[in-house]
1. Evaluate the relative contact order of the chain (contact order divided by residue number), counting alpha-carbon pairs under 8 angstrom at least 6 apart; express in whole percent.
2. Could I have the simple spin-label model distance between residue 37 and residue 88, label points 7 Å from Cα toward Cβ, reported in nm to one decimal?
3. Within segment 20-57, which residues have the backbone N less than 11 Å from the label spot 7 Å out from residue 65 along Cα→beta-carbon, could you tell me?
4. Determine the calculated [θ] at 222 nm for the chain from helices alone, applying -39500 (n - 2.57) to every DSSP H run no shorter than 4 residues and normalising by the residue count; nearest 500 deg cm²/dmol.
5. How long is segment 31-130 along each principal axis, judged by its Cα atoms, biggest number first, in Å?
6. With label points built 7 Å along Cα→Cβ from the Cα atoms of residue 106 and residue 48, find their separation and express it in nm.
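Quick note: the coordinates plus some simple rules give every number you see, no bench work behind them. Remember, it's a predicted structure, so these values are computed and weren't measured experimentally. Heads up, the Cβs are rebuilt from the backbone with ideal geometry, glycines too, and the neighbour counts pull from every protein chain shown.
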Amino acid sequence: MGPTAVESRGHEIQVAVLCVKHLPKTDLMGKCDPYCIVKCDDIKQRTQVVKKTYDAEYSDVFNFTARLSPPSALTVTLMDWDKMSKDDYIGEAMLPVSTEAFGQCVHVMSIFDRATGHAVTGHDGQRTQV
């Protein structure tokens, strides 16, 4: 049986990035300058950069169209902004979109390094979370 017309068309979801906690020290002369790239299927949106912090707060809200069949995946990639060189990859978290995404819910996700599969640890020894 194929997807229904509603599943094929997709569902509107709204994603709010609230904060990132326990960031690692990424710059030689200071703290982290984090931002998040939020991706659902092929659409990417980006938060603002918060400079010189280990705990960033955001108020960025993004709208996406997600599908249930096959399910969309929501990926949050955490980056460190650099003025004089290429921005540094810190890690990412992934959340499959399900019917739970259509209610109001809050997810706290640990950030993982995709190359090693290990959780990213912050400057304070805690897991980095978004």
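1. Details: 278 pairs, mean separation 36.5, N = 130.
Reported relative contact order: 28 percent.
2. Reported label-point gap for residue 37 and residue 88 is 1.7 nm.
3. Answer for this model: none.
4. Working: 1 runs with 5 residues, N = 130.
That comes out to -500 deg cm²/dmol.
5. 41, 25, 25
6. Those two pseudo-labels are separated by 2.1 nm.
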